[in-house]
1. May I ask you to say which residue of Phe77, Phe11 is closer than 23 Å to Phe389 by Cβ and in contact (Cβ under 8 Å) with a residue 24 or more places away in the chain?
2. Can you spot a residue in segment 254-263 that is open to solvent by 10 Å² or more (accessible area, probe 1.4 Å), part of a strand (DSSP E or B) and farther than 28 Å from Thr376 by Cβ?
3. Would you tally the residues in segment 41-84 being in contact with a Ser or Thr (Cβ under 6 Å, 6 or more places away or on another chain), part of a loop (DSSP other than H, G, I, E, B) and modelled with pLDDT of 90 or more?
4. Residues that are open to solvent by less than 50 Å² (accessible area, probe 1.4 Å) and either at negative phi or of a type in the set (Gly, Ala, Ser) (or both): does segment 171-182 have at least one?
5. Mind counting the residues in segment 101-141 that are in a strand (DSSP E or B) and within 22 Å of Arg209 (Cα to Cα)?
6. Looking at segment 398-424, which of the residues that are part of a loop (DSSP other than H, G, I, E, B) and open to solvent by 20 Å² or more (accessible area, probe 1.4 Å) is nearest to Leu116 (Cα to Cα)?
7. Could you run through segment 362-396 and say how many residues are modelled with pLDDT of 95 or more, open to solvent by 10 Å² or more (accessible area, probe 1.4 Å) and assigned to a loop (DSSP other than H, G, I, E, B)?
8. Just one of (1) farther than 20 Å from Thr133 by Cβ; (2) of a type in the set (A, V, I, L, M, F, W, C); (3) touching a helix residue (DSSP H, G or I) at 6+ places or on another chain (Cβ under 8 Å); (4) surrounded by 19 or more Cβ atoms within 10 Å (Cβ to Cβ) trips up Phe54, so point out which.
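The values are calculated or read from the model by the stated rules, or taken from the named source; none is laboratory data. Model, not experiment: these values are computed from the prediction. Here the Cβ positions follow ideal geometry from the backbone for every residue, glycine too, while neighbour counts run over all protein chains shown. Side chains included, ligands, DNA and RNA excluded: accessible areas come from the protein's heavy atoms. Shrake-Rupley method; radii C 1.70, N 1.55, O 1.52, S 1.80 Å.
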Amino acid sequence: MTTAKMSLGAFLMSSGHHLAAWRHPRAWAGGGLDFQHFKKLATTAERGKFDAIFFADNLALMGSPELGQFTTAGDVFDPLVLLSGLAAVTERIGLVSTVSTSYNEPYLLARKFASLDHLSGGRSGWNLVTSATDLEALNFGREKHFEHGDRYQRAEEFIDVVTGLWDSFEDDAFVRDKTSGVFFQPDKLHVLNHHGETYRVRGPLNIPRTPQGYPVLIQAGSSEPGKALAARTAEVVFTAQQTLSNAQAFYADVKGRLAGYGRRPDQLKVMPGISPVIGRTQSEAEDKYQQLQDLVEPRVGLAMLAGMAGGFDLSEYDLDGPLPELPPSNSMQSRQALFIDLARRENLTIRQLYLKVAGARGHHTVIGTPKTIADTLEEWFVGQAADGFNIMPPFLPEGLDDFVDGVVPLLQQRGLFREEYSGSTLRDHLGLERPGNRYRR
(Lines give C-alpha, C1' and ligand atoms only; values in the text may rest on other atoms or scores of the structure.)
Protein backbone atom coordinates (compact mmCIF):
# COMPACT_ATOMS: atom_id res chain seq x y z
CA MET A 1 0.00 0.00 0.00
CA THR A 2 1.48 3.35 -1.04
CA THR A 3 1.89 6.14 1.53
CA ALA A 4 1.50 8.87 -1.10
CA LYS A 5 -1.94 10.42 -1.47
CA MET A 6 -3.42 11.67 -4.72
CA SER A 7 -5.10 15.06 -5.04
CA LEU A 8 -8.62 15.44 -6.39
CA GLY A 9 -10.29 18.51 -7.83
CA ALA A 10 -13.96 18.68 -8.80
CA PHE A 11 -14.15 20.58 -12.10
CA LEU A 12 -17.72 21.86 -12.08
CA MET A 13 -19.82 23.13 -14.97
CA SER A 14 -23.47 24.10 -14.75
CA SER A 15 -25.05 20.84 -15.94
CA GLY A 16 -21.92 18.74 -16.41
CA HIS A 17 -19.05 18.32 -18.83
CA HIS A 18 -20.60 16.33 -21.62
CA LEU A 19 -21.54 18.53 -24.56
CA ALA A 20 -25.17 17.37 -24.23
CA ALA A 21 -25.23 17.24 -20.41
CA TRP A 22 -28.06 19.74 -19.96
CA ARG A 23 -30.35 17.60 -22.13
CA HIS A 24 -29.97 14.49 -19.97
CA PRO A 25 -33.24 13.66 -18.14
CA ARG A 26 -31.52 13.64 -14.72
CA ALA A 27 -29.37 16.75 -15.23
CA TRP A 28 -30.35 20.16 -13.86
CA ALA A 29 -30.63 22.24 -17.05
CA GLY A 30 -31.00 25.48 -15.09
CA GLY A 31 -27.97 24.88 -12.89
CA GLY A 32 -25.84 27.63 -14.37
CA LEU A 33 -27.53 30.40 -12.37
CA ASP A 34 -28.75 28.38 -9.38
CA PHE A 35 -26.65 29.05 -6.30
CA GLN A 36 -28.32 26.23 -4.36
CA HIS A 37 -27.25 23.82 -7.11
CA PHE A 38 -23.62 24.85 -6.73
CA LYS A 39 -23.89 24.83 -2.94
CA LYS A 40 -24.99 21.19 -3.12
CA LEU A 41 -22.14 20.31 -5.47
CA ALA A 42 -19.56 22.08 -3.31
CA THR A 43 -20.72 20.40 -0.11
CA THR A 44 -20.80 17.01 -1.87
CA ALA A 45 -17.19 17.49 -3.00
CA GLU A 46 -16.25 18.57 0.53
CA ARG A 47 -17.97 15.47 1.93
CA GLY A 48 -15.76 13.49 -0.45
CA LYS A 49 -12.66 15.29 0.97
CA PHE A 50 -11.72 16.78 -2.41
CA ASP A 51 -8.82 19.21 -2.40
CA ALA A 52 -10.76 21.83 -4.35
CA ILE A 53 -13.64 22.74 -6.58
CA PHE A 54 -12.67 24.43 -9.82
CA PHE A 55 -14.50 26.68 -12.29
CA ALA A 56 -13.34 27.55 -15.80
CA ASP A 57 -14.22 30.84 -17.47
CA ASN A 58 -14.55 32.60 -20.83
CA LEU A 59 -14.86 36.33 -21.47
CA ALA A 60 -17.27 35.96 -24.39
CA LEU A 61 -20.39 34.11 -25.45
CA MET A 62 -18.65 31.28 -27.24
CA GLY A 63 -19.91 30.44 -30.72
CA SER A 64 -22.53 32.11 -32.86
CA PRO A 65 -26.03 32.88 -31.53
CA GLU A 66 -27.35 30.29 -34.00
CA LEU A 67 -25.24 27.61 -32.32
CA GLY A 68 -25.36 29.13 -28.84
CA GLN A 69 -29.07 28.40 -28.64
CA PHE A 70 -28.19 24.71 -28.28
CA THR A 71 -25.68 25.17 -25.42
CA THR A 72 -25.46 26.55 -21.88
CA ALA A 73 -22.75 29.07 -22.85
CA GLY A 74 -24.94 32.07 -22.02
CA ASP A 75 -25.96 30.81 -18.58
CA VAL A 76 -22.91 31.12 -16.32
CA PHE A 77 -21.81 33.05 -13.22
CA ASP A 78 -18.55 34.95 -12.99
CA PRO A 79 -16.63 32.23 -11.11
CA LEU A 80 -14.92 34.56 -8.63
CA VAL A 81 -18.28 35.97 -7.57
CA LEU A 82 -19.71 32.45 -7.25
CA LEU A 83 -16.74 31.22 -5.21
CA SER A 84 -17.09 34.14 -2.81
CA GLY A 85 -20.60 32.88 -2.07
CA LEU A 86 -19.48 29.26 -1.79
CA ALA A 87 -16.74 30.28 0.66
CA ALA A 88 -19.51 31.06 3.16
CA VAL A 89 -21.23 27.66 2.90
CA THR A 90 -18.11 25.43 2.96
CA GLU A 91 -15.34 25.01 5.53
CA ARG A 92 -12.33 23.17 4.12
CA ILE A 93 -12.50 22.65 0.38
CA GLY A 94 -10.29 24.78 -1.89
CA LEU A 95 -11.85 27.36 -4.22
CA VAL A 96 -10.18 27.68 -7.63
CA SER A 97 -11.12 30.03 -10.47
CA THR A 98 -9.78 30.58 -13.96
CA VAL A 99 -8.88 34.20 -14.71
CA SER A 100 -7.21 35.35 -17.92
CA THR A 101 -4.04 37.45 -17.93
CA SER A 102 -4.80 38.79 -21.41
CA TYR A 103 -7.88 40.81 -20.49
CA ASN A 104 -7.32 41.76 -16.85
CA GLU A 105 -5.05 44.10 -14.93
CA PRO A 106 -2.55 42.66 -12.42
CA TYR A 107 -3.61 44.96 -9.57
CA LEU A 108 -7.31 44.10 -9.86
CA LEU A 109 -6.64 40.36 -10.09
CA ALA A 110 -4.21 40.40 -7.15
CA ARG A 111 -6.75 42.24 -5.00
CA LYS A 112 -9.66 39.92 -5.90
CA PHE A 113 -7.77 36.71 -5.16
CA ALA A 114 -6.31 38.15 -1.95
CA SER A 115 -9.85 39.04 -0.90
CA LEU A 116 -11.10 35.52 -1.65
CA ASP A 117 -8.20 34.02 0.29
CA HIS A 118 -9.07 36.12 3.35
CA LEU A 119 -12.81 35.47 3.02
CA SER A 120 -12.25 31.69 2.84
CA GLY A 121 -9.51 31.38 5.47
CA GLY A 122 -6.81 30.47 2.95
CA ARG A 123 -8.58 28.31 0.37
CA SER A 124 -8.21 30.22 -2.91
CA GLY A 125 -6.37 29.23 -6.07
CA TRP A 126 -5.83 31.05 -9.38
CA ASN A 127 -5.87 29.05 -12.63
CA LEU A 128 -3.89 31.25 -15.00
CA VAL A 129 -4.91 31.21 -18.66
CA THR A 130 -4.10 33.56 -21.53
CA SER A 131 -7.52 33.29 -23.26
CA ALA A 132 -7.90 31.59 -26.61
CA THR A 133 -10.24 33.29 -29.06
CA ASP A 134 -10.82 36.41 -31.10
CA LEU A 135 -14.34 36.54 -29.62
CA GLU A 136 -12.80 37.48 -26.28
CA ALA A 137 -10.53 40.05 -27.92
CA LEU A 138 -13.53 41.78 -29.51
CA ASN A 139 -14.97 42.46 -26.05
CA PHE A 140 -11.84 44.37 -25.02
CA GLY A 141 -11.26 46.75 -27.90
CA ARG A 142 -9.13 44.46 -30.06
CA GLU A 143 -9.82 43.11 -33.53
CA LYS A 144 -7.77 39.95 -32.98
CA HIS A 145 -6.42 38.02 -30.05
CA PHE A 146 -2.76 38.37 -29.09
CA GLU A 147 -0.41 35.96 -30.84
CA HIS A 148 0.27 32.79 -28.87
CA GLY A 149 3.88 33.60 -27.98
CA ASP A 150 3.08 37.24 -27.18
CA ARG A 151 0.34 36.40 -24.72
CA TYR A 152 2.57 33.99 -22.80
CA GLN A 153 5.28 36.64 -22.68
CA ARG A 154 2.71 39.06 -21.22
CA ALA A 155 1.61 36.36 -18.76
CA GLU A 156 5.20 35.93 -17.51
CA GLU A 157 5.34 39.60 -16.55
CA PHE A 158 1.74 39.60 -15.26
CA ILE A 159 2.37 36.86 -12.71
CA ASP A 160 5.54 38.56 -11.49
CA VAL A 161 3.54 41.75 -10.84
CA VAL A 162 0.76 39.86 -9.06
CA THR A 163 3.08 37.95 -6.72
CA GLY A 164 4.97 41.18 -6.06
CA LEU A 165 1.72 42.87 -5.03
CA TRP A 166 0.81 39.95 -2.77
CA ASP A 167 4.06 40.71 -0.91
CA SER A 168 3.14 44.37 -0.36
CA PHE A 169 2.77 43.84 3.39
CA GLU A 170 4.87 41.54 5.54
CA ASP A 171 2.91 38.92 7.45
CA ASP A 172 3.09 40.74 10.78
CA ALA A 173 2.68 44.30 9.46
CA PHE A 174 -0.82 44.87 10.90
CA VAL A 175 -0.61 45.48 14.66
CA ARG A 176 -3.93 47.41 15.03
CA ASP A 177 -2.73 48.93 18.32
CA LYS A 178 -5.56 51.06 19.74
CA THR A 179 -3.36 52.60 22.45
CA SER A 180 -0.68 53.97 20.13
CA GLY A 181 -3.02 54.55 17.24
CA VAL A 182 -0.74 52.53 14.90
CA PHE A 183 -2.72 50.30 12.54
CA PHE A 184 0.20 48.86 10.56
CA GLN A 185 3.94 49.24 10.77
CA PRO A 186 5.13 51.39 7.83
CA ASP A 187 8.56 49.72 7.67
CA LYS A 188 6.76 46.46 6.81
CA LEU A 189 4.99 47.95 3.81
CA HIS A 190 6.76 47.64 0.44
CA VAL A 191 5.96 49.54 -2.77
CA LEU A 192 6.47 47.42 -5.88
CA ASN A 193 7.15 50.18 -8.43
CA HIS A 194 7.10 47.75 -11.36
CA HIS A 195 8.09 49.25 -14.72
CA GLY A 196 8.06 46.47 -17.32
CA GLU A 197 7.60 45.95 -21.02
CA THR A 198 3.81 45.67 -20.72
CA TYR A 199 2.83 46.80 -17.22
CA ARG A 200 3.55 49.80 -15.01
CA VAL A 201 2.21 49.16 -11.51
CA ARG A 202 3.21 51.17 -8.47
CA GLY A 203 1.44 49.31 -5.67
CA PRO A 204 1.18 48.57 -2.83
CA LEU A 205 -1.87 46.34 -2.60
CA ASN A 206 -4.48 47.72 -0.19
CA ILE A 207 -5.10 44.43 1.63
CA PRO A 208 -2.86 42.46 4.04
CA ARG A 209 -0.84 39.45 2.96
CA THR A 210 -3.14 36.46 2.67
CA PRO A 211 -3.43 33.39 4.92
CA GLN A 212 -1.65 31.29 2.27
CA GLY A 213 0.97 33.94 1.48
CA TYR A 214 -0.03 33.55 -2.14
CA PRO A 215 -3.22 31.87 -3.37
CA VAL A 216 -2.20 28.59 -5.02
CA LEU A 217 -0.85 29.23 -8.53
CA ILE A 218 -2.30 26.91 -11.19
CA GLN A 219 -1.55 26.80 -14.90
CA ALA A 220 -3.53 25.05 -17.62
CA GLY A 221 -1.37 25.34 -20.74
CA SER A 222 0.41 22.32 -22.21
CA SER A 223 2.11 24.03 -25.16
CA GLU A 224 5.84 24.73 -25.02
CA PRO A 225 5.37 28.30 -23.70
CA GLY A 226 2.75 26.96 -21.28
CA LYS A 227 5.07 24.29 -19.90
CA ALA A 228 7.89 26.82 -19.54
CA LEU A 229 5.62 29.18 -17.59
CA ALA A 230 4.38 26.31 -15.42
CA ALA A 231 7.89 25.11 -14.61
CA ARG A 232 8.89 28.59 -13.42
CA THR A 233 5.75 29.71 -11.60
CA ALA A 234 2.98 27.11 -11.22
CA GLU A 235 2.24 24.90 -8.25
CA VAL A 236 -0.43 22.82 -10.01
CA VAL A 237 -0.79 22.02 -13.72
CA PHE A 238 -4.13 21.07 -15.22
CA THR A 239 -3.64 19.11 -18.44
CA ALA A 240 -5.55 17.03 -21.02
CA GLN A 241 -3.97 13.65 -21.81
CA GLN A 242 -5.68 10.81 -23.68
CA THR A 243 -3.34 7.90 -22.94
CA LEU A 244 -1.22 6.67 -20.05
CA SER A 245 1.98 6.90 -22.10
CA ASN A 246 1.28 10.48 -23.18
CA ALA A 247 0.44 11.44 -19.60
CA GLN A 248 3.69 9.87 -18.36
CA ALA A 249 5.69 11.75 -21.01
CA PHE A 250 4.05 15.06 -20.08
CA TYR A 251 4.60 14.41 -16.37
CA ALA A 252 8.30 13.65 -16.88
CA ASP A 253 8.74 16.65 -19.18
CA VAL A 254 7.23 19.23 -16.83
CA LYS A 255 8.82 17.79 -13.69
CA GLY A 256 12.17 17.61 -15.48
CA ARG A 257 12.12 21.36 -16.14
CA LEU A 258 11.83 22.35 -12.47
CA ALA A 259 15.50 21.98 -11.52
CA GLY A 260 16.36 24.69 -14.03
CA TYR A 261 14.40 27.11 -11.85
CA GLY A 262 15.76 25.84 -8.55
CA ARG A 263 12.60 23.91 -7.78
CA ARG A 264 11.91 20.38 -6.53
CA PRO A 265 9.52 17.89 -8.21
CA ASP A 266 7.19 17.94 -5.20
CA GLN A 267 6.63 21.69 -5.63
CA LEU A 268 4.47 21.10 -8.70
CA LYS A 269 1.38 18.86 -8.87
CA VAL A 270 0.32 17.49 -12.27
CA MET A 271 -3.45 16.88 -12.45
CA PRO A 272 -4.93 15.58 -15.74
CA GLY A 273 -8.64 15.87 -16.37
CA ILE A 274 -10.66 12.64 -16.11
CA SER A 275 -14.36 12.35 -16.98
CA PRO A 276 -15.80 9.23 -15.29
CA VAL A 277 -19.07 7.74 -16.55
CA ILE A 278 -20.07 5.43 -13.71
CA GLY A 279 -22.56 2.56 -13.58
CA ARG A 280 -23.25 -0.32 -11.23
CA THR A 281 -22.17 -2.58 -14.10
CA GLN A 282 -20.06 -2.00 -17.19
CA SER A 283 -23.17 -2.35 -19.33
CA GLU A 284 -25.06 0.27 -17.32
CA ALA A 285 -22.15 2.72 -17.61
CA GLU A 286 -21.92 2.21 -21.37
CA ASP A 287 -25.68 2.72 -21.73
CA LYS A 288 -25.45 5.94 -19.73
CA TYR A 289 -22.64 7.19 -21.96
CA GLN A 290 -24.49 6.28 -25.15
CA GLN A 291 -27.59 8.09 -23.92
CA LEU A 292 -25.50 11.27 -23.68
CA GLN A 293 -23.87 10.68 -27.07
CA ASP A 294 -27.27 10.33 -28.71
CA LEU A 295 -28.21 13.80 -27.44
CA VAL A 296 -25.30 15.61 -29.12
CA GLU A 297 -26.56 18.18 -31.65
CA PRO A 298 -24.31 17.60 -34.73
CA ARG A 299 -23.87 21.32 -35.43
CA VAL A 300 -22.70 21.90 -31.88
CA GLY A 301 -20.34 18.93 -31.99
CA LEU A 302 -18.76 20.16 -35.20
CA ALA A 303 -18.48 23.73 -33.90
CA MET A 304 -16.86 22.55 -30.66
CA LEU A 305 -14.32 20.52 -32.62
CA ALA A 306 -13.63 23.37 -35.03
CA GLY A 307 -13.10 25.83 -32.19
CA MET A 308 -10.66 23.63 -30.34
CA ALA A 309 -8.89 22.74 -33.58
CA GLY A 310 -7.96 26.40 -34.00
CA GLY A 311 -11.13 27.97 -35.37
CA PHE A 312 -10.75 26.15 -38.67
CA ASP A 313 -14.04 25.84 -40.60
CA LEU A 314 -14.81 22.13 -40.96
CA SER A 315 -18.35 22.54 -42.31
CA GLU A 316 -17.28 22.14 -45.95
CA TYR A 317 -15.77 18.72 -45.31
CA ASP A 318 -17.53 15.36 -45.30
CA LEU A 319 -18.42 14.52 -41.69
CA ASP A 320 -17.77 10.88 -42.46
CA GLY A 321 -14.40 11.60 -44.04
CA PRO A 322 -11.00 12.06 -42.40
CA LEU A 323 -9.88 15.16 -40.51
CA PRO A 324 -8.11 17.43 -43.04
CA GLU A 325 -4.67 18.91 -42.53
CA LEU A 326 -5.04 21.90 -40.21
CA PRO A 327 -3.02 25.13 -40.12
CA PRO A 328 -1.24 25.92 -36.84
CA SER A 329 -3.59 27.32 -34.21
CA ASN A 330 -3.24 30.65 -32.45
CA SER A 331 -5.62 29.52 -29.70
CA MET A 332 -5.16 26.20 -27.87
CA GLN A 333 -2.10 24.73 -29.55
CA SER A 334 -1.72 21.74 -27.23
CA ARG A 335 -5.41 20.85 -27.57
CA GLN A 336 -5.23 21.07 -31.37
CA ALA A 337 -2.23 18.72 -31.32
CA LEU A 338 -4.13 16.30 -29.06
CA PHE A 339 -7.13 16.21 -31.41
CA ILE A 340 -4.99 15.65 -34.48
CA ASP A 341 -3.02 12.88 -32.77
CA LEU A 342 -6.25 11.21 -31.61
CA ALA A 343 -7.82 11.34 -35.08
CA ARG A 344 -4.73 9.93 -36.77
CA ARG A 345 -3.98 7.29 -34.13
CA GLU A 346 -7.53 5.87 -34.12
CA ASN A 347 -8.31 6.62 -37.80
CA LEU A 348 -11.39 8.64 -36.85
CA THR A 349 -13.71 10.53 -39.17
CA ILE A 350 -14.69 14.10 -38.31
CA ARG A 351 -18.01 12.87 -36.89
CA GLN A 352 -16.33 10.14 -34.85
CA LEU A 353 -13.79 12.62 -33.55
CA TYR A 354 -16.29 15.19 -32.30
CA LEU A 355 -18.32 12.42 -30.67
CA LYS A 356 -15.15 11.03 -29.12
CA VAL A 357 -14.32 14.35 -27.47
CA ALA A 358 -17.89 15.52 -26.76
CA GLY A 359 -17.70 14.06 -23.26
CA ALA A 360 -14.76 16.12 -21.99
CA ARG A 361 -13.30 18.27 -24.82
CA GLY A 362 -10.15 16.21 -25.16
CA HIS A 363 -9.76 15.04 -21.57
CA HIS A 364 -9.74 11.31 -20.91
CA THR A 365 -13.17 9.67 -20.54
CA VAL A 366 -13.34 6.46 -18.49
CA ILE A 367 -16.52 4.37 -18.65
CA GLY A 368 -17.25 1.62 -16.14
CA THR A 369 -17.95 0.59 -12.56
CA PRO A 370 -16.48 2.41 -9.54
CA LYS A 371 -13.74 -0.24 -9.47
CA THR A 372 -12.89 0.40 -13.14
CA ILE A 373 -12.56 4.13 -12.45
CA ALA A 374 -10.48 3.56 -9.31
CA ASP A 375 -8.20 1.11 -11.15
CA THR A 376 -7.53 3.69 -13.87
CA LEU A 377 -6.76 6.46 -11.39
CA GLU A 378 -4.46 4.16 -9.44
CA GLU A 379 -2.62 3.06 -12.60
CA TRP A 380 -1.96 6.66 -13.65
CA PHE A 381 -1.04 7.79 -10.12
CA VAL A 382 1.30 4.91 -9.31
CA GLY A 383 2.72 4.98 -12.86
CA GLN A 384 3.96 8.60 -12.51
CA ALA A 385 1.46 10.00 -14.97
CA ALA A 386 -0.32 12.17 -12.39
CA ASP A 387 -0.15 13.51 -8.84
CA GLY A 388 -3.93 13.71 -8.83
CA PHE A 389 -6.89 14.38 -11.09
CA ASN A 390 -9.39 17.02 -12.03
CA ILE A 391 -12.65 15.05 -11.97
CA MET A 392 -15.11 16.16 -14.69
CA PRO A 393 -18.57 14.62 -14.06
CA PRO A 394 -20.43 14.05 -17.36
CA PHE A 395 -23.70 15.44 -15.96
CA LEU A 396 -24.68 16.92 -12.61
CA PRO A 397 -25.46 16.39 -9.84
CA GLU A 398 -25.57 12.61 -10.37
CA GLY A 399 -22.06 12.29 -11.81
CA LEU A 400 -20.42 13.86 -8.75
CA ASP A 401 -22.58 11.84 -6.35
CA ASP A 402 -21.58 8.62 -8.15
CA PHE A 403 -17.89 9.46 -7.80
CA VAL A 404 -18.02 10.53 -4.16
CA ASP A 405 -20.17 7.59 -3.05
CA GLY A 406 -18.63 4.91 -5.28
CA VAL A 407 -15.03 5.73 -6.22
CA VAL A 408 -13.72 7.76 -3.27
CA PRO A 409 -14.28 4.93 -0.74
CA LEU A 410 -12.30 2.53 -2.95
CA LEU A 411 -9.41 4.99 -3.21
CA GLN A 412 -9.47 5.42 0.56
CA GLN A 413 -9.48 1.66 1.13
CA ARG A 414 -6.40 1.38 -1.08
CA GLY A 415 -4.60 4.10 0.88
CA LEU A 416 -4.51 6.38 -2.15
CA PHE A 417 -6.68 9.21 -0.86
CA ARG A 418 -7.27 10.97 2.45
CA GLU A 419 -10.06 9.96 4.81
CA GLU A 420 -10.10 13.35 6.56
CA TYR A 421 -8.64 16.79 5.93
CA SER A 422 -5.42 17.31 7.88
CA GLY A 423 -5.31 21.09 7.43
CA SER A 424 -7.48 24.07 6.70
CA THR A 425 -5.94 25.71 3.61
CA LEU A 426 -5.70 24.64 -0.01
CA ARG A 427 -1.91 24.54 0.40
CA ASP A 428 -2.37 22.13 3.30
CA HIS A 429 -4.53 19.83 1.17
CA LEU A 430 -2.04 19.83 -1.73
CA GLY A 431 1.04 19.50 0.49
CA LEU A 432 2.47 22.79 -0.80
CA GLU A 433 4.73 25.13 1.15
CA ARG A 434 3.58 28.60 2.16
CA PRO A 435 5.78 31.07 0.24
CA GLY A 436 7.76 33.52 2.32
CA ASN A 437 7.57 37.24 1.69
CA ARG A 438 10.32 38.27 -0.76
CA TYR A 439 11.30 41.19 1.48
CA ARG A 440 12.08 38.86 4.41
CA ARG A 441 13.72 35.95 2.61
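1. Phe11
2. No.
3. Going through segment 41-84 one residue at a time, the tally reaches 3.
4. Yes, segment 171-182 has at least one match.
5. Here the count works out to 5.
6. Ser424
7. 4
8. Of everything listed in (1) farther than 20 Å from Thr133 by Cβ; (2) of a type in the set (A, V, I, L, M, F, W, C); (3) touching a helix residue (DSSP H, G or I) at 6+ places or on another chain (Cβ under 8 Å); (4) surrounded by 19 or more Cβ atoms within 10 Å (Cβ to Cβ), Phe54 misses just condition (3).
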